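Take a look at the structure set out below.
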Amino acid sequence: MHAVRFHEHGDIDVLKYEEAPEPKIEANEVLVKVKACALNHLDLWLRQGVSDWKLPLPHIVGSDISGEVAEVGSHVKRVQAGERVLLCPGISCGQCEMCFKGLDSGCRGFTVFGVFVDGGYAEYVKSPEVNVIPIPSDLSFDEAAAVPLVFLTAWHMLFTRAQLKPGEDVLVIGAGSGVGSAAIQVAKSVGARVIATAGADWKLEKASALGADEVINHSRQSISGEVRRFTAKRGVDVIVEHVGAAVWNDCFNSLATYGRLVTCGATSGGEVKLNMQGLFGRQRTILGSFMGGKAELLGALKFIAEGKLRAVIDSAFPLQEAAAAQRKMESGEFFGKILLHP
Ligand SMILES: [Zn+2]
């Protein structure tokens, strides 16, 4: 089959479109012919090399995958050849305490497609049967690939971690990112008021179209100043954050009393200062969040099928142009998901 692999870590030019062996399935696995694979920042970090993770090389990244079932193993009962499916990105052991609680990403054996197993930058990928989900309603392959990681992450952040309630005020940092565009919709779907930030006016227009009630251009406006204005100095109940150091103080100062800040990343740096008086005196909570579980993805997919949430797609590239697709992601000039078509 054709795949995009890297044999060493490095810049975009280590990505090679080449022949690779087709995956061989075990009895409990399914072979999927990939129709679309969405990019994530994770792909870029894996290509550059994550210090604590030793990846098998050569390696195929890609965590968000949709396609058609090509072949099923002898123990597979539920999934059939020819089905239109998407893959739940998180792979966990299925038999530990965390897995039993539905907290898949807390499993010690947790990984995702494209990390310690090959991912979707290829014509075929293999998956455990338990990760294979039928594509709901008339969703296209592109839409199905654009949903999983960002919606299950946003769902886990807002509901499981921050315990968002209807009517609360939510600040979403980085509306143009995959998680940001999903978080705006997930928060709106339960009747929250959403304030979204981005660094460009064209992104803010798109954020408003997705349902954001108020917007802040963080390249020329103060986030905490605008939040004070929008909330009559009260602050917001929940902040969805993945930028880290660059926005930390502004975010912390935007939290209402009893506010919760939930973060799933630190793209601008992970070392921050914490004002303890502001933490205990205002009874605020800081929450870490990492991906999410299969049950949360099924929850989001119900809303997707009903049209209450929708996949946000920026653009699509042929698989052999994966380097151009990653370059676009690095540039920041996108809104929603960037897709590859094998
Ligand atoms: Zn487990």
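Any read-out appearing in this document is the output of simple, stated calculations on the displayed coordinates, not a laboratory observation. Owing to the predicted nature of the structure, the values given are computational and were not obtained by experimental measurement. Cβ coordinates were reconstructed from backbone atoms using ideal geometry, including for glycine residues, and neighbour counts include every protein chain displayed.
Annotations
- Qualifying residue in the stretch 107-125 (condition: more than 16 Å from the ligand (Cβ to nearest atom), in contact (Cβ under 8 Å) with a residue 24 or more places away in the chain and surrounded by fewer than 20 Cβ atoms within 10 Å (Cβ to Cβ)): yes
- Search result, residues across the stretch 205-253 that are assigned to a helix (DSSP H, G or I) and under 25 Å from Ser289 (Cα atoms): Ala207, Ile223, Ser224, Val227, Ala245, Ala246, Val247, Trp248, Asn249, Asp250, Cys251, Phe252
- Members of the stretch 278-308 that are buried (at least 21 other Cβ atoms within 10 Å of the Cβ) and of a type in the set (Gly, Ala, Ser): Ser289, Gly292, Gly293, Ala300
- Figure legend. Inter-residue proximity from the stretch 168-194: first residues farther than 18 Å from Trp248 by Cα, second residues of a type in the set (Val, Ile, Thr) and part of a helix (DSSP H, G or I), beta-carbon distance below 7 Å, spacing 6+ or different chains. Indicated pairs: Gly178/Val150; Ala182/Val150; Val194/Ile184.
- Looking across the stretch 75-100, the residues that are more than 16 Å from the ligand (Cβ to nearest atom) and more than 15 Å from Val32 (Cα to Cα) come down to His75, Lys77.
- Residue ID - surrounded by the most Cβ atoms within 10 Å (Cβ to Cβ), chosen from residues in the stretch 198-233 that are in contact (Cβ under 8 Å) with a residue 40 or more places away in the chain and in contact with a helix residue (DSSP H, G or I) (Cβ under 6 Å, 6 or more places away or on another chain): Ala212
- Considering only residues in the stretch 289-322 that are touching a residue at least 40 places away in the same chain (Cβ under 8 Å) and in a strand (DSSP E or B), the one that is nearest to Ser105 (Cα to Cα) turns out to be Ile313.
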